[in-house]
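**Student:** The structure's right below; bear with me while I get my questions together.
The values are calculated or read from the model by the stated rules, or taken from the named source; none is laboratory data. Source: prediction; values computed, not measured. Neighbour counts are summed over all protein chains in view; Cβ atoms, including those assigned to glycine, are modelled from backbone coordinates with ideal geometry. The protein model used for the area step is the full one, side chains on, heavy atoms only, and it has no ligands, DNA or RNA in it. Shrake-Rupley method; radii C 1.70, N 1.55, O 1.52, S 1.80 Å.
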Amino acid sequence: MSIALPLTDEKRRAEAWTRFDAVAARDGDARIETLFEAEAGRVGRLTLEVAGLTLDLSKQAFTAEGLDACLALAEACDVGDWKRALFNGAAVNASEGRAVLHPALRAPDGAHFEALGEPVSREVEQVRDQMVAYAEAIRAGEEAGATGERFRAVVHIGIGGSDLGPRLVWDALRPLDPAIDVRFVANIDPQEIAEALTGLDPASTLVIVVSKTFTTQETLTNAVLARDWLAAALPEEGLRRHLVGVSAAPDKVESFGCGQVFGFSDWVGGRYSLWSAVSLSCAIGLGGEVFRSLLAGASEMDRHFLETPLAYNAPVLMALAQVYNVEGLKRRARTVAPYAHGLRRLAAFLQQLEMESNGKRVTREGKPATRGTGPVVFGEPGTNGQHAFFQQLHQGPDVVPAEFVVVKQTLEGRDGAPLWSNAVAQSEALMRGRTAEAALAEMMEQGMDQGEAERLAPHRAFPGNRPSTTILMDRLTPQALGALLALYEHKTFIEGVIWDINSFDQWGVELGKVLAKRVLGAAQESRDSAKRAPESWDPSTRSLFERLI
Ligand code: F6P
């Protein structure tokens, strides 16, 4: 059954963009620090507490009127209707005719979701229960390997959305000395799987192959290597006990030789799939209860997103801050700095989530997008990034908005202040900057010779006025992590709605895959014959090929 997608009033949308552009042009140079005096209550208005997270957007660049223009734009783009369309299981991914229902995966038992009119929640609960039961059986040693040994290591093989989410969850929540070691393999570079398997005993190792399509070259290549490694050491009849597959193509998993298969549906996008059996490795390593708490945190964010008016809706305000920076102020990049070692792969996760979702150049209708669409996203954990690229954030010619994700207490019993104080200081420094006069006065006060101080002052000046958002959490709990990742998912979707693009397809990755197959095919042929690239290729590609073959 098809559920209608929102039909936007083009005139109203165009008018909202015109107002947005006008306000951004007028207010674009306003100094953020002066907005606190001009707008009484700015901090309170732009601080939200949601699902265990505190978001402070008050150091963003929009003025009160800029925010109003952003909210009017969101209304004119039917953000409310699009939210409901997503949760109601409409074909929001129109280019593939699919519903987009990751919220159904984390909804509490008894929820009712439909994808294109078909109920899905019972099946979701069944798979979730089976997955958690299997994870607990592995943890208890009730599910053992071919020789009766209990599993002590899990090797998770997958790439992109079948890797980044679970890897982030494991890094964030893992115990210091886990009873079951979880290792991840994504790259087709054989070095990665060699490193992952080193030191492991096949008799106590479970290999989980995760691939939505079960056709991905990197994953299948690594899966074959892992299967061979197991087969060389284990009795043939018990091999299947060591191989598990998670996929939307269960028949392919079975023919690969997996003893257990966990499925998910095509309405779960790869980069939105960590809430499904894609995170089986984490459920095994962390336990079913932790996995369920992760889902509960995300589900709390879903409720907030669905039910809260746009003006106080955390994902919507985060999206509007980004749209204002990209469209209003032409800032085509954003950096993310998680102040927590456990979140060190957050930027990589967000790169796929945001850049694969919104790195688009045509509208939903296939017309050229007249707006900027998704910016470049990059980052490193704080404080490491401060000693690398933050120099450019502070003094480079381009303004790069920043996002600080701060965990107050990362390790039980240790003082968190040395870590979080850096995040707070960075956001202040980026906003305030320091004039050359202030730098000069400071050096003189310290007793520096005037000539020398004047020579150094321009080097020691900071323009400031660089916007940032700060997200705080007390501890990196499963609930807080779930809420954080769901926040980013919904933010990404809302940006797509405002830019009028489909955030749920990824045709842009296809051409490279096709050409890689062609190059590999030519390499395999050329090994035994003349080491030449086909004449039809361009000279540069031919030259590279002939150097490598
Ligand atoms: O190539 C991009 C992509 O299709 C991602 O969207 C996806 O997360 C990744 O590859 C892995 O795909 P699969 O889970 O089907 O192996």
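**Student:** Per residue of the stretch 482-497, what does 6.51 cos²θ - 1.76 cosθ + 1.60 with θ = phi - 60° give for ³J(HN,Hα)? Whole Hz please, x for Gly and Pro, Karplus curve as stated.
**Tutor:** Whole-Hz 3J(HN,Hα) from phi for the stretch 482-497: x, 5, 4, 5, 5, 4, 5, 4, 5, 4, 4, 4, 5, 4, x, 5.
**Student:** Along the stretch 250-260, what does the Karplus equation 6.51 cos²θ - 1.76 cosθ + 1.60 (θ = phi - 60°) give for ³J(HN,Hα), rounded to whole Hz, x for Gly and Pro?
**Tutor:** Ordered by residue, 3J(HN,Hα) equals x, 4, 5, 5, 5, 5, 6, x, 7, x, 10 Hz.
**Student:** Radius of gyration and Dmax for the stretch 40-165's Cα atoms, expressed in Å?
**Tutor:** Cα only, the stretch 40-165: 21.9, 70 Å (Rg, Dmax).
**Student:** Let me ask something additional. Please give the FRET efficiency for Glu15 paired with Glu510, using the beta carbon to beta carbon distance and R0 = 30 Å, rounded to the nearest 0.05. Write down the numbers at each step before the final one.
**Tutor:** Values: r = 37 Å, r/R0 = 1.23.
Efficiency computed from Cβ-Cβ geometry: 0.25.
**Student:** Please express the shape of the chain as an equivalent ellipsoid: the semi-axes are the square roots of 5 times the eigenvalues of the C-alpha gyration tensor, given largest first in whole angstrom. Before the final figure, lay out each step's value.
**Tutor:** Values: eigenvalues 344, 163, 142 Å².
In descending order, the three semi-axes are 41, 29, 27 Å.
**Student:** Hey, what's the stretch 102-293 come to in accessible area per residue, 1.4 Å probe, Å²? Working shown, then result.
**Tutor:** Details: 7510 Å² over 192 residues.
Per-residue accessible area for the stretch 102-293 comes out at 39 Å².
**Student:** Something else now. If the cut-off is 22 Å between C-alpha atoms, which lysines fall inside it for Lys367, apart from same-chain ones fewer than 8 positions away?
**Tutor:** The reachable lysines, counting only those whose Cα sits under 22 Å from Lys367, are Lys11, Lys330.
**Student:** Using Cα-Cα distances under 8 Å and only pairs 6 or more residues apart, what relative contact order does the chain have, in percent?
**Tutor:** Details: 978 pairs, mean separation 97.2, N = 549.
This gives 18 percent for the chain.
**Student:** Now, a different point. Determine the shape class of the stretch 456-540: with a ≥ b ≥ c the square roots of the Cα gyration tensor eigenvalues, call it rounded for a/c under 1.5, and otherwise prolate if a/b is greater than b/c, oblate otherwise.
**Tutor:** On the way: a/c = 2.69, a/b = 1.79, b/c = 1.50.
Prolate is the answer for the stretch 456-540, as a/c is 1.5 or above and a/b outweighs b/c.
**Student:** Same structure again: Suppose R0 equals 22 Å; then what is the FRET efficiency for Glu454 and Gln392 from their Cβ-Cβ distance, rounded to the nearest 0.05?
**Tutor:** On the way: r = 25 Å, r/R0 = 1.13.
The value I calculate is 0.30.
**Student:** Rounded to the nearest 0.05, what FRET efficiency is calculated for Ser95 and Arg174 with R0 set to 22 Å and r the Cβ-Cβ distance?
**Tutor:** Numbers: r = 37 Å, r/R0 = 1.70.
It comes out at approximately 0.05.
**Student:** At what distance in nm do the modelled label points of Ala311 and Ala425 sit from each other, each positioned 7 Å from its Cα along Cα→Cβ?
**Tutor:** Inter-label distance under the simple model: 3.9 nm.
**Student:** Compute the acute angle (0 to 90°) between the alpha-carbon long axis of helix 10-27 and the principal axis of greatest extent of the alpha-carbon atoms of the chain; round to the nearest 10°.
**Tutor:** Compared with the principal axis, the helix lies near 50 degrees.
**Student:** Okay, next question. With the cut-off at 1.5 for a/c, could you classify the stretch 102-293 from its C-alpha gyration tensor as rounded, prolate or oblate? Before the final figure, lay out the partial values.
**Tutor:** Values: a/c = 1.61, a/b = 1.43, b/c = 1.13.
Since a/c reaches 1.5 and a/b is larger than b/c, the shape of the stretch 102-293 is classed as prolate.
**Student:** Let me ask something else about it. Which lysines, on any chain, are close to Lys212 with Cα under 24 Å apart, when same-chain ones fewer than 8 places away are left out?
**Tutor:** Here the lysines satisfying the reach criterion relative to Lys212 are Lys252, Lys360, Lys491, Lys513, Lys517.
**Student:** Considering only DSSP beta bridges with both partners in the chain, what is the antiparallel share in %, to the nearest 5? Write out the running numbers ahead of the final one.
**Tutor:** Details: 13 of 47 bridges.
Once the DSSP bridges in the chain are tallied, antiparallel ones form about 30 percent.
**Student:** Kindly identify the stretch 264-423 as rounded, prolate or oblate by the Cα gyration tensor criterion: order the square roots of the eigenvalues as a ≥ b ≥ c, call it rounded if a/c is under 1.5, otherwise compare a/b with b/c, prolate if a/b is larger, else oblate. Write down the numbers at each step before the final one.
**Tutor:** Working: a/c = 1.75, a/b = 1.08, b/c = 1.63.
Since a/c reaches 1.5 but b/c is at least a/b, the shape of the stretch 264-423 is classed as oblate.
**Student:** Show the residues, 5+ positions off or on another chain, whose built amide H is closer than 5 Å to the amide H of Val336.
**Tutor:** Phe378, Gly379, Glu380, Glu403
**Student:** Additional query: Just the number: Rg to Rh for the stretch 507-548, Cα atoms, Kirkwood Rh, two decimals. Each step should come with its number before you reach the end.
**Tutor:** Values: Rg = 10.9 Å, Rh = 10.9 Å.
With Rh from the inverse mean 1/r over Cα pairs, Rg/Rh is 1.00.
**Student:** For the stretch 252-322 and the stretch 86-127, what is the separation of their Cα centres, given in Å?
**Tutor:** Computed from Cα coordinates, the inter-centre distance equals 12 Å.
**Student:** Counting Lys and Arg as +1 and Asp and Glu as -1, each charge on the Cβ, what is the dipole of the chain about the Cα centre in debye, to the nearest 20? Provide the component values of the computation, followed by the final result.
**Tutor:** On the way: 57 positive and 73 negative charges, 155 e Å.
Here the size comes out at about 740 debye.
**Student:** How far is it, in nm, from the label point at Glu136 to the one at Arg542 when both lie 7 Å from their Cα along the line to the Cβ?
**Tutor:** Placing both labels 7 Å beyond Cα along the Cβ direction yields 6.4 nm.
**Student:** Keeping the other protein chains in place, figure out the carbon and sulfur percent of the accessible area of the stretch 102-293, with a 1.4 Å probe. Walk me through the numbers on the way to the answer.
**Tutor:** Numbers: 3650 of 7510 Å².
In the stretch 102-293, the share of accessible area belonging to carbon and sulfur is 49 percent.
**Student:** How large is the Kirkwood hydrodynamic radius of the stretch 359-484, counting all unique pairs of alpha carbons, in Å?
**Tutor:** On the way: mean 1/r = 0.0565 Å⁻¹.
Every distinct Cα pair counted, the radius reaches 17.7 Å.
**Student:** Ok, one more. Where the accessible area of the stretch 507-548 is counted over protein heavy atoms with a 1.4 Å probe, how much of it, in %, is carbon and sulfur? Please report the intermediate quantities before stating the final value.
**Tutor:** On the way: 2020 of 3470 Å².
Carbon and sulfur together cover 58 percent of it.
**Student:** Where in the stretch 280-294 does the amide nitrogen come within less than 19 Å of the point 7 Å from the Cα of Asp109, taken along Cα to Cβ?
**Tutor:** Hits in the stretch 280-294 for Asp109 at 19 Å: 283-284, 287-294.
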